Each structure stands twice: as C-alpha cells, then as structure tokens.
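The values are calculated or read from the model by the stated rules, or taken from the named source; none is laboratory data. Not measured: the values here are computed from a predicted model. Every residue, glycine as well, gets a Cβ built from its backbone with ideal geometry; the counts of neighbours run over all protein chains shown.
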Amino acid sequence: MKNIILSPIPIEELREIITECLREELQKSANNSNSDPNELIKIEDAAKLFQVSKVTLYKWRARGILPFHRISSRIFFKKSELISALKKSPKYKSK
C-alpha cells in the first residue's frame, strides 16, 4: 500500500492543473481519427469528456458557456463546439 501525502495547493494552481488535463483529453478526443468533430454526443458522454457531473454541464449550458442542440426533448452537444467553448472561456485560459 502506498502512502499518500496531501499538501495544500492554491485554488488557481488547482484550476490550471484541471484545465490543462481537460485540454489534453479534449485534444486527444479531437485528434482521434475515428471521431467526427460534428458528432452529437449525449450529456452523459459530455460529462465524461469534461469529467464533471451532468448538473455542472446543465449549469454551464444555462450560463451560455456551452452551446447545445435540442432534438425533441433531448439535449446534445457537438464535440467541436465543446472544445471551442473551453478554449474561448476566459475563466479557463492558461496564463
């Protein structure tokens, strides 16, 4: 069993680490040759992609951070638009 040492980290540094991890994962997803950037994905898949809860995605959608598409009563996202939204968001731009 490994010993885990926890130490305090400033919130801004934590945000930068999380943002960089998200960017890397989104870039991997965007570079996947089997992946269509205009593919519509369900909110569950978008939550996995961003590694956040569906509630967080609903909040981001309500605030206008993430563009979405409604088909009947279902909500979908385009991968390319998710990547663009992350890159454009001033809150998550790296310094």
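Name the residue, out of Glu44, Glu81, that is at pLDDT 90 or above, assigned to a helix (DSSP H, G or I) and out of contact with any Leu (no Cβ under 6 Å at 6 or more places or on another chain).
Details: Glu81 fails: at pLDDT 90 or above.
Residue meeting the stated conditions: Glu44.
Taking segment 1-41 as the region of interest, how many residues are closer than 25 Å to Phe68 by Cβ, at pLDDT below 85 and either surrounded by fewer than 10 Cβ atoms within 10 Å (Cβ to Cβ) or in contact with a strand residue (DSSP E or B) (Cβ under 8 Å, 6 or more places away or on another chain) (or both)?
Going through segment 1-41 one residue at a time, the tally reaches 5.
Suppose we keep only residues that are in contact (Cβ under 8 Å) with a residue 12 or more places away in the chain and closer than 20 Å to Glu24 by Cβ within segment 46-59. Which one would you say is surrounded by the fewest Cβ atoms within 10 Å (Cβ to Cβ)? Break it down stepwise before answering.
Pass one, segment 46-59, residues in contact (Cβ under 8 Å) with a residue 12 or more places away in the chain: 46, 49-51, 57-58.
From what is left, the residues that are closer than 20 Å to Glu24 by Cβ are 46, 49-51, 57.
Values: Ala46: 22, Leu49: 18, Phe50: 19, Gln51: 11, Leu57: 22.
Checking each candidate, the answer is Gln51.
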